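One structure is given below, encoded as structure tokens.
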């Protein structure tokens, strides 16, 4: 059910927004409304779901009829958010890819600015909850503590270029993603994975302060206990000497 690429009057999108969705129902409408109100650059929005039975699909199809920037997209890589994000990245049509969530936690007004940072030459542009001016509102204590500890230690010790390496709300150069690949297969650790890879290649990473809000409707799909081992692999991977691209591919491939 992957939709054809589209854009304003056939103009190639300047950025691709990838959103993994899972039974969001009609809540996806407000998410898309906010994104399309905030984003001024030519864009496409790939809303990626795992099965044809997902409750988000009817609302996506209705929305796509009115705005062809919205692309309902069936993930065929396997279930779970990592596979959905990876599928969206692989099928994005722009040179900059922004990953954001469907739950309204991220600030869509920053999508354009994150895109412009990548266009200026960074491999990864991160929205950071832990930079001066940033904030995390309403997150469970354990999730907040683990995320902040990982982010700040990676910033000060591994020098990854952002205080919020675990945040999923990031922009990437599509060429960078093609070069390094995505090896995560579960959870939301792709943001940490790609930040760690950029660090080991000594590629530039930048950040913007953001205010993150815990979702107001529905249930969170974040599974802390189940996904900690995945995060720990990429956390450790961020430390270490500079690698060549071939060396990085070999080391990261051991995760698969």
With -39,500 (n - 2.57) per DSSP H segment of 4 or more residues and division by the full residue count of the chain, the 222 nm estimate, nearest 500 deg cm²/dmol, is -11000 deg cm²/dmol
Cα-based helix-to-principal-axis angle, 141-153 vs the chain, degrees rounded to 10: 50
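Fewest first, what order do 45, 57 take by the number of other Cβ atoms within 10 Å? Intermediate values should be presented prior to the final figure.
Values: 45 27, 57 21.
If I rank by nearby Cβ atoms, fewest first, I get 57, 45.
Within a 10 angstrom radius of the beta carbon, how do 192, 41, 32 rank from fewest other beta carbons to most? Please report the intermediate quantities before stating the final value.
Numbers: 192 30, 41 14, 32 22.
Least to most surrounded, the residues fall as 41, 32, 192.
Listing 117, 154 from the residue with the fewest other Cβ atoms within 10 Å to the one with the most, what is the order?
Numbers: 117 20, 154 25.
Fewest-to-most Cβ neighbours within 10 Å comes out as 117, 154.
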Measure nothing fancy, just the Cα-based angle from helix 27-38's long axis to the longest principal axis of the chain, in degrees from 0 to 90, nearest 10. 80
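What share of the DSSP beta bridges in the chain is antiparallel, in percent to the nearest 5?
Details: 7 of 29 bridges.
Beta bridges within the chain, antiparallel portion: roughly 25 percent.
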Enter the angle in degrees (range 0 to 90, nearest 10) between the Cα long axis of helix 224-237 and the first principal axis of the Cα atoms of the chain, meaning the one along which they spread out most. 50
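May I ask you to compute the full-extension gain from residue 66 to residue 232, defined as 0.36 nm times their residue separation minus their alpha-carbon distance, rounded to one decimal in nm? Let's see the in-between values first.
On the way: separation 166, 0.36 × 166 = 59.76 nm, distance 4.25 nm.
Length difference between fully extended and current span is 55.5 nm.
So, R0 is 22 Å and r is the distance between the beta-carbons of residue 41 and residue 90; what FRET efficiency does that work out to, to 0.05?
Details: r = 21 Å, r/R0 = 0.97.
With R0 = 22 Å, the Cβ-Cβ based efficiency is 0.55.
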Centroid-to-centroid separation of the range 9-52 and the range 184-217 [C-alpha atoms, Å]: 19
Between [x] 30, 24, 21; [y] 27, 20, 18; [z] 48, 25, 13, which matches semi-axes √(5λ) of the Cα gyration tensor in Å calculated for the structure shown? [y]
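Throughout, read-outs are computed from the coordinates displayed, never taken from laboratory work. What you are looking at is a predicted structure, and each value in this text was computed from that prediction instead of being measured. In this analysis, Cβ positions are derived from the backbone assuming ideal geometry, glycine residues included, and neighbour counts consider all displayed protein chains.
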